[in-house]
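The values are calculated or read from the model by the stated rules, or taken from the named source; none is laboratory data. Note that the structure is a prediction, hence the values are computed from the model and not measured. FYI the Cβ positions are ideal-geometry reconstructions off the backbone, even for glycines, and counts take in every protein chain you see. With ligands, DNA and RNA removed, areas are computed over all heavy atoms of the protein, side chains included. Shrake-Rupley method; radii C 1.70, N 1.55, O 1.52, S 1.80 Å.
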Amino acid sequence: MKRILVIDDAATVRLYHREILEQAGFAVTEAINGLEALEKLETEGHFDLYLVDINMPKLDGYGFLKALREKNMPQAPAIMISTESSPRDREGALIAGANLYMIKPIRPEQLLPQVRGLLGEGDSS
Amino acid sequence: MLVQKPSVISDEDFQKFREFFYRKTGMLFEDGKRYFVDKRLLERMAATDNESFRSYFTMLRFQASGAELQALINAMTVNETYFFREEYQFRCLVDSILREIVARRSSFRPIRIWSVPSSSGEEPYGIAIYLLEHWPLLEQWDVEIISSDIDTRILEQARNGLYAARAIQNMPGPLLKKYFRRVDGHYQISQSLREAVEFTRVNVHDTADMRSHRQFDVIFCRNLLIYFDDLSRKKTAESFFDALNPGGFICLGHSESMSRISSLFQIRRFPEAIVYQKPLEAR
Amino acid sequence: MALKKGQPTPACHSPGERQEPRNLETLLQTLLDEDPMKRRWAARDLAEHPAAAVALVTQLQHETDTTVLQVIVTSLGCMANDVAVRGLIDCLYSEHALRRNAAIEVLKELPEPVAPHMGQLLHDPDPDVRIFAVNVLESLRHPNVEEWLIEVILKDDQVNVCATALDLLGEVGSLRAREALQTLKQRFPQEPYIRFAADLALKRIGVG
């Protein structure tokens, strides 16, 4: 089962993403900010995909992704999510190493094909 | 214990509480812990005369002093002190942390360890015994152990090093014989160890107290920060940052995480434990 | 070589460094020192001098070292006087993410001094500032929190401001919020997230 790390400081958002992804057959781990996500990498190894909010306390999405990309571990795709729709955020996300940038609130029918695509699973289901 | 019929904590209440407690303390209860959590919550509800979970939760959230949150954390953590508690961290100290510190040390100045809070001394003496028993390089290096607490009575107790049987339950027989002597049904730590550990009074919220403690290589601060509010926790962690040498380490309790407190430190995973490090290049 | 009794600070510690008195005047000077460690200590000690708020706020705007920046923010939070709180609130408008996030974290811990500014922040023209304001409400132990949140979900046009408020209402909401939650679902019928979060909040309130 593919493992996805959902990183967002809002509990309801984490729960929402968890339900969508678990129903689609993925295993989900949650982290409350970028630092906790880095700690999860240490304790639980690497994940197959990262769903990362941009604005978070302690370490934001950019900071997390930068640290992730510098790590000596198998690199996995990352989707960055933000409430802002400015081109600057999108650009920042892609420069930081995100594969995709999405704007909140997320709809399942937008998210799942992208997740499957990035995981190389096609969109057959 | 409960006089009136306890009100039921619903699944939704449990979820709501779990998220709140996780955010405040970093402790996450799995579903399997439900019985334990409910039991503690009901006890605290009874103790505070709250008949419904809703009224208790409101009190917990909005009480300006945060006293009930502290009482609840106490109830949720079994906070006993005894020798070699969370021993894996001591293993981490000798097998990983000190190895790294020694490897990059350019002079033979002493290695300094700070244990806060000292409580009645089980932790600093435990570290001392662990080093003597498990760190052969102690023959080549001087180690200084400083231990601090806010409570002067408990510091006096720590200096005396007198323990009931309960505190030494994890201490192997030979070590007990080697480092303790029996005194009226109690166990007193040997004089040489008592003389080797320096105890000082420190209020971690007081910047002058904190400023007077410096240049440590390792800080043990276990199960203390969890009781503070976010701001005091952050302030204390920042003071620890300046009490450490560059590249120094801080060890927290097993249910605590620096990820919730401050981004000043780097996360380091050793085979035995996760610890936090002041960056080597930090000034 | 062995265990040795040590001192809280080694005697050989950087000679001369702590000789100067730590009064307001010298601390303000040290706050501008080129050594970040000295700036951190000055910023930390200045928390006890309310008159230093202006200097800390000014330094906060120019500080380039992230460790010093965090200590300044913490000190302003400990101080929590009017100048300090306004300085922290100004950071919500900062383009600098670290400064902004650090300020939000600390503002969350200051219910009393922040409450008078809440009405204004929740009506700020910039939706991001409104989101930050709702974020600040998260840890605010203040009796008006639920009322503020209800007003947000009834009136704010931005779906993400409402979504942030919803997250919190799931935790603090009471029966008073029921109607507003149901109205919100109708305001954003196309958003599955709003439906999910509102239903969750209703369920937790006990009317779902």
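The distance linking segment A:16-36 with segment B:181-215 is 45 Å (Cα centroid to Cα centroid, whole angstrom). Evaluated at q = 0.25 Å⁻¹, a Debye calculation over the C-alpha positions of segment B:1-105 (equal weights, vacuum) places log10 I(q)/I(0) at -1.45.
At q = 0.11 Å⁻¹, what log₁₀ I(q)/I(0) does the protein assembly as shown have when each alpha carbon counts as one equal point scatterer in the Debye sum? Values, matching the q order: -1.16. Stokes-Einstein, applied to the Kirkwood radius of segment B:59-103 over Cα pairs at a viscosity of 1.567 mPa s and 4 °C, places its translational diffusion at 95 µm² s⁻¹.
Derived scalar couplings between HN and Hα for segment B:148-156 equal 10, 8, 7, 9, 5, 5, 5, 5, 4 Hz in order, rounded to whole Hz, by the Karplus curve 6.51 cos²θ - 1.76 cosθ + 1.60 (θ = phi - 60°), x for Gly and Pro.
Equivalent ellipsoid of chain A: semi-axes from √(5λ) of the C-alpha gyration tensor, largest first, are 19, 17, 15 Å.
Ligands, DNA and RNA left out, the 1.4 Å accessible surface of segment A:7-79 is 48% carbon and sulfur atoms. Pairwise inverse Cα distances across segment B:45-163, averaged and inverted, put the Kirkwood hydrodynamic radius at 17.4 Å. Residues of segment A:1-48 whose accessible area (probe 1.4 Å, heavy atoms of protein chains only) drops by at least 50 Å² once all protein chains are present, relative to their chain alone: A:THR12, A:LEU15, A:TYR16, A:ILE32, A:LEU35, A:GLU36, A:GLU39, A:GLU42. Label reach from C:GLN29 (point 7 Å along Cα→C-beta): in segment C:57-82, amide nitrogens under 19 Å belong to C:59. Using alpha carbons only, the radius of gyration of chain B set against its Kirkwood radius gives Rg/Rh = 1.00.
Centre-to-centre separation between the Cα atoms of segment C:79-137 and those of segment C:138-208: 21 Å. Using a 1.4 Å probe on protein heavy atoms only, how many Å² of accessible area do A and B hide from each other, summed over both chains and rounded to 100? For A against B, buried area totals roughly 1200 Å².
Near B:THR200, the amide H atoms lying under 5 Å from its own belong to B:SER147, B:SER148, B:ASP149; only residues 5 or more places off or on other chains count, and H is placed 1.01 Å from N.
Legend: mean number of C-beta atoms from other chains within 10 angstrom of residue C-beta atoms, peptide B:259-269, equals 6. Here the 3J(HN,Hα) profile of segment A:53-58, calculated from phi with Karplus coefficients 6.51, -1.76 and 1.60 at θ = phi - 60°, is 6, 7, 8, 9, x, 6 Hz, Gly and Pro shown as x.
Taking the 1.4 Å solvent-accessible surface of segment B:131-270 as the whole, the part contributed by carbon and sulfur is 47%. Taking C:GLN186, C:GLN70, C:GLN61 in turn, the Gaussian network model of chain C (Cα-Cα springs below 10 Å) assigns the largest fluctuation to C:GLN186.
The aspartates and glutamates within cross-link reach of C:LYS38, meaning a Cα-to-Cα straight distance under 15 Å and a gap of 8 or more places when in the same chain, are B:GLU238, B:ASP242, C:GLU17, C:GLU20, C:GLU25, C:GLU63, C:ASP65. Amide H contacts under 5 Å for A:MET102: A:MET80, A:ILE81, A:SER82, restricted to partners 5 or more places along the chain or on a different chain, H placed in the peptide plane at 1.01 Å from N. Inter-chain Cβ neighbour count for B:213-224, averaged per residue, equals 2 (cutoff 10 Å, partner chain atoms only). I'd like the distance separating the alpha-carbon centroids of segment B:127-170 and segment A:47-104, in whole Å. Comparing the Cα centres of segment B:127-170 and segment A:47-104, I get a distance of 45 Å. Shown is the FRET efficiency for A:GLU70 and B:LEU137, computed with R0 = 25 Å from the Cβ-Cβ distance and rounded to the nearest 0.05: 0.20.
Note on segment C:54-208: Kirkwood radius taken over Cα pairs, Stokes-Einstein applied at 4 °C and 1.567 mPa s, translational D equal to 80 µm² s⁻¹.
Based on protein heavy atoms only, segment C:29-159 ends up with 38 Å² per residue of surface accessible to a 1.4 Å probe.
Here the 3J(HN,Hα) profile of segment B:191-196, calculated from phi with Karplus coefficients 6.51, -1.76 and 1.60 at θ = phi - 60°, is 4, 5, 6, 4, 7, 8 Hz, Gly and Pro shown as x. For chain C, the membrane-span-like helix rule (DSSP H, alpha carbon extent of at least 18 Å along the helix axis, mean Kyte-Doolittle at least -1.0) picks out C:66-79, C:159-172, C:192-205; this says nothing about an actual membrane.
Around the amide H of B:GLU144, modelled in the peptide plane, lie the amide H atoms of B:ILE111, B:ARG112, B:ILE113, C:LYS4, all under 5 Å away and 5 or more residues distant in sequence or on another chain. Two numbers describe the Cα atoms of segment C:1-128: Rg and Dmax, which are 17.6, 67 Å.
Remark: the Cα gyration tensor places segment B:149-266 in the prolate category, a/c being 1.5 or greater and a/b exceeding b/c. With a threshold of 22 Å on the Cα-Cα distance, the over-threshold entries among C:LYS155/C:LYS185; A:LYS66/B:LYS24; B:LYS178/C:LYS5 are A:LYS66/B:LYS24. Averaged over the residues of C:171-180, the number of partner chain Cβ atoms lying within 10 Å of the residue Cβ comes to 2.
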